[in-house]
Every structure is written in structure tokens, then in C-alpha cells.
1. Of the residues 34, 23, which is under 23 Å from residue 256 (Cα atoms), loosely packed, with under 15 Cβ neighbours inside 10 Å and touching a helix residue (DSSP H, G or I) at 6+ places or on another chain (Cβ under 9 Å)?
2. Search region 42-61 for residues that are outside the structural domain of residue 185 (by TED's automatic domain parsing) and pair each with any residue that is surrounded by 15 or more Cβ atoms within 10 Å (Cβ to Cβ) and modelled with pLDDT of 95 or more when their beta-carbon atoms are under 7 Å apart and the residues are at least 6 apart or on different chains.
3. So residue 188 fits all but one of (1) touching a helix residue (DSSP H, G or I) at 6+ places or on another chain (Cβ under 7 Å); (2) modelled with pLDDT of 95 or more; what number is the exception?
4. From the set of residues in region 240-264 that are touching a helix residue (DSSP H, G or I) at 6+ places or on another chain (Cβ under 8 Å) and farther than 16 Å from residue 50 by Cβ, which is surrounded by the fewest Cβ atoms within 10 Å (Cβ to Cβ)?
5. Please enumerate the residues belonging to region 343-390 that are exposed (fewer than 10 other Cβ atoms within 10 Å of the Cβ), modelled with pLDDT of 65 or more and either in the same structural domain as residue 322 (by TED's automatic domain parsing) or under 29 Å from residue 321 (Cβ atoms) (or both).
6. Looking only at region 282-311, count every residue that is farther than 25 Å from residue 324 by Cβ and either surrounded by 12 or more Cβ atoms within 10 Å (Cβ to Cβ) or not assigned by TED's automatic domain parsing to the domain that holds residue 332 (or both) and tell me the total.
7. Could we say that residue 151 is touching a strand residue (DSSP E or B) at 6+ places or on another chain (Cβ under 7 Å), over 16 Å from residue 47 (Cα atoms), free of Cβ contacts under 8 Å to residues at least 60 places away in the same chain and assigned by TED's automatic domain parsing to the domain that holds residue 224 here?
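The values are calculated or read from the model by the stated rules, or taken from the named source; none is laboratory data. Since the model is a prediction, treat every value here as computed from it, not as a measurement. With ideal geometry, Cβ positions are generated from the backbone for all residues, glycine too; neighbour counts draw on all protein chains shown.
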């Protein structure tokens with residue numbers, strides 16, 4: 001039997017509204033190494049977006065190498081594979097190849113070809129079980145850059161980009177099958193498979209021309225497992241063995257409710273067993289209130305109810321995403337909330353203002369008119385009322401007229 005640990009989307013070097021995440025990454029990666037050792041996995045696959053930036057900091061790179069060192073110490077015989085994602089500098093993933101070869105680590109950043117054909121010597125890796133026998137092979141495919149996609153001749157229905165991705169995977173899989181026949185094959189991918197649920201605002205639509213989703217049948221039915229990266233929610237797509245492991249912990253507000261972790265895969269002959277294993281959340285990420293908005297006068301009490309002591313270490317201070325309900329002017333709200341937040345050992349990661357929905361009895365928006373037919377003061381009154389759901393006061397009007405007089 002062969003046991004794999006599938007992980008992805010570490011985003012080393014990421015920040016949240018300027019707050020560093022390095023301490024969280026260290027905790028999460030230590031938990032990952034401990035789990036890998038506990039399960040005695042035979043291989044660790046990191047399916048892209050290892051870094052958060054194409055120019056990762058020295059600290060982010062050191063954290064990667066520290067983690068590789070800890071993995072190798074915990075699992076002397078395991079194969080470790082790093083795939084470049086759309087966030088990653090492909091060249092830096094491949095540059096240490098000569099050193100990686102010494103410690104059975106593979107880094108694949110681009111599609112390698114030899115005389116125009118897929119270089120299976122780069123992309124096809126044997127996966128050995130606990131007894132040392134080859135139990136399966138890994139087809140290591142990174143994020144498909146524009147330069148990696150084949151140019152197809154002739155017109156055809158559907159997205160040309162999706163057709164090119166399909167052709168690329170067909171070529172990769174054919175090169176693998178030519179070497180290994182019908183033996184168990186694990187395939188990687190860093191892309192958006194149609195049907196996968198995105199995290200709003202967190203994941204870029206990455207294929208050329210905005211054509212970002214490929215159908216799951218790009219991966220043939222005879223593939224034992226498809227280890228995907230890019231989407232941060234753990235999920236299977238199309239069929240159980242085509243799977244995103246998800247990120248290690250919430251990287252944005254929209255990911256707070258995800259069950260973050262890694263995927264443990266067991267392959268025995270033609271049978272594949274898949275298990276999602278949650279990882280401890282290294283730092284609390286809170287949405288206050290959990291749903292809806294909080295009256296501004298109740299914000300301080302809500303933060304006090306968290307019960308955080310003043311001696312809370314800096315790295316343990318929770319990230320707080322605060323939503324304030326307002327149906328009137330919000331002038332000065334940011335400064336007011338910042339002053340309240342400073343009283344508590346938290347990291348204010350975002351502040352959202354929630355407005356009540358427009359009632360059916362409210363007057364419809366005014367019909368569009370030419371600007372030449374409107375007076376500036378009328379436009380100001382309407383814009384103010386639309387934004388703040390109240391009429392401007394005499395003080396607001398005085399400031400408007402003073403500003404208009406300066407034009």
C-alpha cells in the first residue's frame with residue numbers, strides 16, 4: 001500500500017491587511033510534519049502556491065527549506081514533490097534541483113520538453129511504499145503557463161484555452177502511460193476545475209483570457225488520484241479522486257468557515273481511499289458578529305466578551321473581521337472603531353459597513369438626466385442621501401458651499 005499526504009496553497013509570505021502570517025505558517029507546517037510522521041506517509045505532494053508572491057522574501061524561502069528539513073528528518077525515505085502554482089516563481093522552485101536530487105525532493109516549475117516532446121524524465125516520478133517497491137507513479141504537472149500550452153490548429157467549439165489545457169494533459173498522460181502502462185498513476189494540477197467552489201476575492205482566475213475552469217474529464221477515469229491546488233476550500237470535484245486539499249488556514253475573511261487541513265490518500269492496487277484530516281487552527285480568525293452587522297454602540301462590548309487577557313502574546317492575538325450595521329452617516333466610523341480595537345489584544349483585519357436593504361416603499365432612484373440639466377447642490381444632496389440614508393445637515397451644506405466656492 002502507498003500512502004500520500006496531499007497539501008497545497010501554503011502562500012508563504014502572505015499578509016492580512018499588513019499583518020504577517022509567518023507565525024501561523026510555522027505552527028501549521030509543524031502540525032503537517034507531525035501528521036505526516038504519525039501516518040508514516042510515503043510521499044508528500046505540495047500542489048502549488050507554495051509562496052504568496054513571485055518574489056518571495058528571504059523569510060518565506062527559509063520557512064520552506066526549514067519545513068523540507070523537518071519533513072526529511074521525520075520521513076527519511078519519503079518522496080517530497082513541490083509544484084509551482086500561479087503565485088510561485090517557477091525558476092526558484094526548480095533552481096535547487098541538483099541539491100533536491102540528493103535528498104529525494106523534486107521541484108517542478110514548468111513543463112519540460114526534449115526535442116519538442118514531454119520530458120517524462122522530469123515529470124514522471126516513482127512512488128515507493130514502505131517496503132521500497134514502486135507502488136505507483138506521480139505525473140508532476142505545475143500551473144500551465146501560456147508558454148506551456150500547445151497551439152491548436154483549426155477552429156472548434158468551446159474555449160481554445162480549455163482545449164489547449166486538455167491537449168496538454170492528454171500529452172502528459174500519454175507520455176506517462178508509454179512508460180508505465182496501466183500501473184497506478186497519480187496526477188497533479190494547479191488550476192480551476194469546473195464545479196469547484198471559489199473563495200470570493202481570494203483566488204485569481206488564472207488561465208489565459210479569463211477562461212479559468214476546465215472540466216474534470218480532463219483527467220481520465222483510470223487515474224488513481226488527482227492532487228489539485230489553487231482553490232482554498234477542501235473539496236472533491238467531478239468525482240471523489242479529483243480533489244483540492246485546500247489551504248492550511250484561513251487566508252481571507254471568506255475562508256473562516258472552511259475545515260482547513262490536508263488530504264491523506266491510500267492507494268492499494270486499483271483501490272484509492274481518501275481522507276480529509278483537519279489541522280489545528282494556529283490563530284483564531286473571527287467574524288463579529290458571525291452573521292449580519294453589529295450596532296456601533298455595541299462594538300466595544302462585543303470585543304470585551306472575547307475575554308482576551310492583556311498579556312495575550314502578539315502572535316496569538318486573533319484576527320477580527322468586524323461588520324457594523326449603519327443606516328445613517330458613518331463619518332468618523334473608521335477612527336472610532338480603530339480607537340476601540342486598540343483597547344483589546346486583537347488584530348482588526350477588516351471593517352465592513354452593512355446597510356439595511358432598500359424597502360419596497362422607498363422611492364425609486366431618480367431617472368437619469370444630463371449633467372447640464374442638474375445643479376451641483378442637487379447632485380450633492382442626492383449622493384449624500386444615497387450613501388448615508390439621510391439628508392445632509394446644515395453643517396454639511398456649509399462645507400459643500402465652501403468647497404464649491406473654491407473651484
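1. Values: 34 fails: under 23 Å from residue 256 (Cα atoms).
Matching residue, one of 34, 23: 23.
2. From region 42-61, no pairs qualify.
3. So residue 188 meets the others, but not (1).
4. Residues of region 240-264 touching a helix residue (DSSP H, G or I) at 6+ places or on another chain (Cβ under 8 Å): 242, 247-249, 262, 264.
Next, from what is left, pick out any that are farther than 16 Å from residue 50 by Cβ: 242, 264.
On the way: 242: 23, 264: 19.
Among those that are touching a helix residue (DSSP H, G or I) at 6+ places or on another chain (Cβ under 8 Å) and farther than 16 Å from residue 50 by Cβ, it is 264.
5. Passing the criteria: only 357.
6. 1
7. Numbers: touching a strand residue (DSSP E or B) at 6+ places or on another chain (Cβ under 7 Å): no; over 16 Å from residue 47 (Cα atoms): yes; free of Cβ contacts under 8 Å to residues at least 60 places away in the same chain: yes; assigned by TED's automatic domain parsing to the domain that holds residue 224: yes.
Here the answer is no, as residue 151 does not meet what is asked.
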